[in-house]
Amino acid sequence: MLVESNMETDPTYIEVAVALPLTTTFTYSVPEEMLPFVVPGKRVLVPFGKRRVTGYILRLCEKQDLEKIKNILDVLDEVPLFPESMIPFFKWIADYYIYPIGEVIKCALPSGLNVYDFTTVEITESGSEVLKEPSLASMEKEILQYVKNGPHSIKDIFRNLNKEASSSLINRLESKGLIKTARTLKSSRVRPTMERYVVLKENETMQGRLSVQRKKIIDHLRMNHEVPLKMLKEIVPSAARIVKSMADAGYVSIVNRRVYRDPFGEAIQADTIHELTTEQEGVIAHMLKSLGKGYSPHLLTGVTGSGKTEVYMQLADKAIKLGYSVIILVPEIALISQMERRFRSRFGECIAVLHSGLSDSERYDQWMRIVSGEVSIALGARSAIFAPFVNIGFIIVDEEHDPSYKQENGLRYHARDLAVVRAKQASGVVLLGSATPSVQSYYNTTTNKFSKGELTERVENRPLPEVSIVDLREYRDSRGAKRIITPLLQGAMKETLSRREQVLLFLNRRGFSSFTVCASCGETIQCKNCDISLTFHKGENAHKCHYCGFSLSSSSTCKSCGSSSVRLLGLGTEKVEEAVQSLFPEARIARMDKDTTAKKGSILSILRALRNQEIDVLIGTQMVAKGHDFPNITLVGIICADLSLNFPDFRAGERTFQLLAQVAGRAGRGETPGKVILQTYNPDHFSILTAKEQDFNAFYSKEIVHRKALNYPPFSRIIHVRISGKDKNKTRRYTQELGAVCQTIRKRDKDLLKSIEILGPIEASLQKIASFYRWQILLKGNSSQSLHQFIHSLFLENIYKTAKRDVQVVIDVDPLYMM
């Protein structure tokens, strides 16, 4: 049943954002028969040039003074996919991140929903005849050969033939009558899942003697009224045939009901509210005073293991009892598993989960549970900030410092920042939580933009882990496993394993060897598509690029001298795993990195085994450092603490401190005190020393001085303009021209001359990735407004200078990575 518009006077025009890279919205008229079903938040199918595409209704308009307004073709939804109150949120995102609003909405919604059409190519009889002629050009022959067995899309043809797409070639073949093209409509990939239910009709008495199977079915229906046919088949294997005859006789009816695919894991036992510490009670009381009284931003800091999750759960409990909805963001899918278990144990099935680990259909189901009002809590990674709630009480961002909240492709939004914006627009409360908050967020507490709460002690007065620093410079001449696992760490592991406790080893680099060179001539084994050396992966017996996926067999010879002898330098988690196996052959060892968690469900499987103490030593990258709570891990070993310190990035020290303090915080979260051994080549660096003491205030007081001296965020704002192209010279020339336009715009405006600093253009630190040559321009300003004014002048007013087909330009507002 379609939901009808309840407006007193139905307007005949609507404003539509199309799911295409266009900055403007469009007006369409609505045929009379569709008027009752047109509501903001629904999708419509609209004509766009020669195409048919998906659009999103933003508002209903009165009569427009426009000519040749086209009619919409169809209304695609029964109910709106997002509430009207979210439209200003989408518009804000489009303006701030300089991104088309239709693409913003497409990014927010579950994948696979959009309907669009595309061109297909089919061979004609003439084409089949010409195919036999030897004089046919090779490329034309390849295309005709490919489509002779049926129609294919143009994109599919050129992708499979591994050729550059050419519209002129297709047009030439069509003009010769060798092919014919057609527009084909592609429907959405996801649809509601329907299941057949059997319903016993009231006041119907079964005539005659009942068989045992029929009696079982009827007894079950009388107890439950309506039952899935699938469940009846488990009781009576022949239920499908029996139920059909009963339906024909009028005793039961068979109806289709919508069901939701279950993305959750195993069943979870119910949980009760935990006793709070005095500090937790104070934080909760302070937060609840803000609920229902308008926008209120807060930062919750504290040591690792201080019980922030329990604070989140009790705040959510109070909010939903008052009729509010709650959004909870966590940075990684691995963390969602743990948080989801805790929330489901407390709140049952009234939560929805949104993250990229779900299939398109599962995510659509979770989304529709929110739309229907079935759930009041949404839990997920960064995309959960778009959960279509209406009455938001709290938006909670756990581990708010984590860079995973920043999307690094497409719409480059930061979910933490959007949480603040959405809470402000919804007059809600936003709570950012972290034991190692971002410098930006903590700075906001010093300027009274955010209120600050603090948890200074671990729950049950558990001590912080004892941290020991090992200077790796003393072990430079060591060989084999001892160079990776120093004697102090090896001894601590031996003691821990003898007590049947668990060990966590952290190294933020996957693979076996991060730097491979020819043993004969010393030439580095490089990726053919990127300016980066290949990493050797022993499990796959191949050298791989972590940027573009290119790989070389381990048996490949050196391109410079032809030698097959290779030296495997550097280290990764695979090499650590091998070292641990050689030192502790009886230990049960697991590895948790991108290589071992690529398969769906693999993260949950590893975490379940760790929780059930089926793993003695877990080796992992940064995904093991974030918020996990495993009481039996009493030793954490940080193999090399320096990997992120030397990045050409002003946030390198901040990231290093956060990563080390977080991974150290995984130790001693149960009754047994924890121990951390931190191996480093820079034992005197302030990021290392403050992480050892778990002292964020000491780190912040030194870091903020550097930021102010260099006028980096939070004292300025940054927009990163990334330029890339496959032709090295064209890309360089275009970038230099763009840099000249930047200087012209800045010099002609006195305000911009004072407020905007232009750094570059310059080649990126990684000059080539995936065969694209990369340049960058960094724009630094004291206000977001002046930077946006500059960008609009650069790309909208000078579009004839800045638009180039062969070069890609990406605008990244508030960038995190500038490599």
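Here are some notes:
- Pairs, first on the phi > 0 side of the Ramachandran plot in region 540-555, second open to solvent by 70 Å² or more (accessible area, probe 1.4 Å), C-beta under 9 Å, six or more apart: Asn541/Ser555
- Every pair of residues 6+ apart whose Cβ atoms lie under 6 Å, when the first sits in region 288-316 and is touching a residue at least 40 places away in the same chain (Cβ under 8 Å) while the second is among the polar types (S, T, N, Q) and in a strand (DSSP E or B): Ser290/Ser296; His298/Ser451
- Region 530-543: number of residues that are of a type outside the set (A, V, I, L, M, F, W, C) and open to solvent by 30 Å² or more (accessible area, probe 1.4 Å): 5
- The one condition in (1) more than 28 Å from the chain's Cα centre (by Cα); (2) on the phi > 0 side of the Ramachandran plot that Gly601 fails to fulfil: (1)
- Residue in region 489-516 that is most open to solvent (accessible area, probe 1.4 Å), counting only those that are out of contact with any Leu (no Cβ under 7 Å at 6 or more places or on another chain) and of a type in the set (Gly, Ala, Ser): Ser498
- Check on Phe650, open to solvent by less than 20 Å² (accessible area, probe 1.4 Å) and either closer than 30 Å to Asn632 by Cα or among the aromatic types (Phe, Trp, Tyr) (or both): no
- Given (1) over 31 Å from the mean Cα position of the chain (by Cα); (2) farther than 30 Å from Ser771 by Cα, number of the condition Leu607 does not satisfy: (1)
- Yes/no for Val397 being over 23 Å from Ala598 (Cα atoms), modelled with pLDDT of 90 or more, of a type outside the set (Gly, Ala, Ser) and surrounded by fewer than 19 Cβ atoms within 10 Å (Cβ to Cβ): no
- Of the residues Ser372, Ser427, Ser441, the single one that is out of contact with any helix residue (DSSP H, G or I) (no Cβ under 7 Å at 6 or more places or on another chain), over 22 Å from Gly294 (Cα atoms) and either at pLDDT below 90 or not acidic (Asp, Glu) (or both) is Ser372.
- Those residues of region 713-736 which are farther than 21 Å from Gln789 by Cβ and open to solvent by 50 Å² or more (accessible area, probe 1.4 Å), in sequence order: Lys726, Asp727, Lys728, Asn729, Lys730, Arg732, Arg733, Gln736
- Residue match in region 658-681 (condition: in a strand (DSSP E or B) and closer than 16 Å to Asp593 by Cβ): no
- Of residues in region 685-703 being farther than 25 Å from Met493 by Cα and among the acidic types (Asp, Glu), the one least open to solvent (accessible area, probe 1.4 Å): Glu703
For (1) among the aliphatic types (A, V, I, L, M); (2) at pLDDT 85 or above; (3) exposed (fewer than 15 other Cβ atoms within 10 Å of the Cβ), each residue gets a yes or a no:
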{"site": "Val39", "(1), (2), (3)": "yes, yes, no"}
{"site": "Leu60", "(1), (2), (3)": "yes, yes, no"}
{"site": "Leu66", "(1), (2), (3)": "yes, no, yes"}
{"site": "Tyr116", "(1), (2), (3)": "no, no, no"}
{"site": "Glu129", "(1), (2), (3)": "no, no, yes"}
{"site": "Lys132", "(1), (2), (3)": "no, no, yes"}
{"site": "Ser138", "(1), (2), (3)": "no, no, yes"}
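- Filtering region 412-434 to residues that are under 22 Å from Arg655 (Cα atoms), open to solvent by less than 20 Å² (accessible area, probe 1.4 Å) and part of a loop (DSSP other than H, G, I, E, B) leaves Tyr413, Ser434.
- Under the condition of being open to solvent by 10 Å² or more (accessible area, probe 1.4 Å) and either part of a strand (DSSP E or B) or touching a Gly at 6+ places or on another chain (Cβ under 6 Å) (or both), the residues counted in region 306-324 number 2.
Yes/no matrix, rows are residues, columns are (1) hydroxyl-bearing (Ser, Thr, Tyr); (2) in a loop (DSSP other than H, G, I, E, B):
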| site | (1), (2) |
| --- | --- |
| Gln694 | no, yes |
| Arg707 | no, no |
| Pro714 | no, yes |
| Ile745 | no, no |
| Glu757 | no, no |
| Gly760 | no, no |
| Ser765 | yes, no |
| Tyr773 | yes, no |
| Lys780 | no, no |
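- For Ser520, the criteria (1) open to solvent by 50 Å² or more (accessible area, probe 1.4 Å); (2) in contact with a Gly (Cβ under 9 Å, 6 or more places away or on another chain); (3) closer than 30 Å to Phe772 by Cα hold in every case but one, which is (3).
- Leading residue by the ranking (modelled with the highest pLDDT) among those in region 629-639 that are open to solvent by 10 Å² or more (accessible area, probe 1.4 Å) and closer than 17 Å to Met592 by Cα: Phe630
- Only one of the numbered conditions (1) surrounded by 13 or more Cβ atoms within 10 Å (Cβ to Cβ); (2) at pLDDT 85 or above is not met by Ser238, and that is (1).
- Residue identified as surrounded by fewer than 20 Cβ atoms within 10 Å (Cβ to Cβ) and in contact with a Leu (Cβ under 6 Å, 6 or more places away or on another chain) among Leu778, Leu752: Leu778
- Every residue from region 84-112 that is open to solvent by 50 Å² or more (accessible area, probe 1.4 Å) and touching a helix residue (DSSP H, G or I) at 6+ places or on another chain (Cβ under 9 Å): Ser85, Pro88, Lys91, Trp92, Asp95, Tyr99, Ser111
- Scanning region 335-374 for residues that are over 15 Å from the mean Cα position of the chain (by Cα), of a type in the set (A, V, I, L, M, F, W, C) and open to solvent by less than 30 Å² (accessible area, probe 1.4 Å) returns Met339, Phe343, Phe347, Ile351, Ala352, Trp367, Met368, Ile370.
- Looking only at residues of region 118-127 that are closer than 13 Å to Gly177 by Cα and of a type in the set (Ser, Thr, Tyr), we find that the one that is surrounded by the fewest Cβ atoms within 10 Å (Cβ to Cβ) is Ser126.
- In region 739-746 there is no residue matching the filter, namely being open to solvent by 80 Å² or more (accessible area, probe 1.4 Å) and of a type in the set (D, E, K, R).
The values are calculated or read from the model by the stated rules, or taken from the named source; none is laboratory data. Because the structure is predicted, anything quoted here is derived from the model rather than measured. Cβ atoms come from the backbone with ideal geometry, glycine included; neighbour counts cover every protein chain shown. Side chains included, ligands, DNA and RNA excluded: accessible areas come from the protein's heavy atoms. Shrake-Rupley method; radii C 1.70, N 1.55, O 1.52, S 1.80 Å.
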